[in-house]
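Worksheet for the structure shown next.
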Amino acid sequence: MAVEIRKVTGDRKGMAAFKRLPWEIYRNDPVWAPDLIMDLDDRLDQKKSPFWEFGIGDYFLAWKDGKVAGRICAFSNPRHEDYRKEN
């Protein structure tokens with residue numbers, strides 16, 4: 001089956017799936033050190049994290065066979081781009 005990419009709309013269920021995916025992928029890896037969920041809550045919350053005061057971006061989940069198969073955060077930092085004269 002094909003992979004479907006869906007934007008996480010900010011609902012609790014979508015963000016929970018986004019945050020918890022590494023626990024599914026790496027659950028049997030003996031050297032994996034997970035992030036603290038409370039740290040993820042602060043870093044990913046676009047209302048709490050200082051980056052999102054000026055940064056822009058969205059979260060996406062990849063779905064395959066009805067299960068989450070991957071995740072990505074696509075973002076841009078306009079202040080950095082202005083400072084470096086990049087786009």
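The values are calculated or read from the model by the stated rules, or taken from the named source; none is laboratory data. Since the structure is predicted, the reported quantities are computational estimates derived from the model, not experimental observations. Don't worry about glycine lacking a Cβ; one is built from the backbone with ideal geometry, like all the others, and counts go over all protein chains shown. The protein model used for the area step is the full one, side chains on, heavy atoms only, and it has no ligands, DNA or RNA in it. Shrake-Rupley method; radii C 1.70, N 1.55, O 1.52, S 1.80 Å.
Of all the listed residues (61, 36), the sole one being under 13 Å from the mean Cα position of the chain (by Cα) and either modelled with pLDDT of 95 or more or open to solvent by 70 Å² or more (accessible area, probe 1.4 Å) (or both) is 61. What residue, among those in region 39-58 that are in a loop (DSSP other than H, G, I, E, B) and not charged (D, E, K, R), is most open to solvent (accessible area, probe 1.4 Å)? Only one residue fits best here, namely 46. Quick check on region 52-59. Is at least one of its residues out of contact with any His (no Cβ under 9 Å at 6 or more places or on another chain) and under 21 Å from residue 2 (Cα atoms)? Yes, region 52-59 has at least one match.
Tell me the residue from 68, 8 that is over 12 Å from the mean Cα position of the chain (by Cα) and surrounded by 15 or more Cβ atoms within 10 Å (Cβ to Cβ), please.
From the options 68, 8, the qualifying one is 68.
Could you check region 11-20 and list, in sequence order, the residues that are under 13 Å from residue 59 (Cα atoms) and either aliphatic (A, V, I, L, M) or surrounded by 11 or more Cβ atoms within 10 Å (Cβ to Cβ) (or both)? Once the filter is applied, which keeps residues that are under 13 Å from residue 59 (Cα atoms) and either aliphatic (A, V, I, L, M) or surrounded by 11 or more Cβ atoms within 10 Å (Cβ to Cβ) (or both), region 11-20 yields 14, 15, 16, 17, 18, 19.
In region 1-24, the residue that is modelled with the lowest pLDDT out of those that are over 20 Å from residue 52 (Cβ atoms) and touching a Gly at 6+ places or on another chain (Cβ under 9 Å) is 1. Take region 15-41 and flag every residue that is over 14 Å from residue 67 (Cβ atoms) and touching a residue at least 12 places away in the same chain (Cβ under 8 Å). 15, 19, 22, 34, 35, 37, 40, 41 - these are the residues of region 15-41 that are over 14 Å from residue 67 (Cβ atoms) and touching a residue at least 12 places away in the same chain (Cβ under 8 Å). Within region 21-31, restricting attention to residues that are part of a loop (DSSP other than H, G, I, E, B) and open to solvent by 70 Å² or more (accessible area, probe 1.4 Å), which residue is nearest to residue 72 (Cα to Cα)? Per the stated criteria, the residue is 26.
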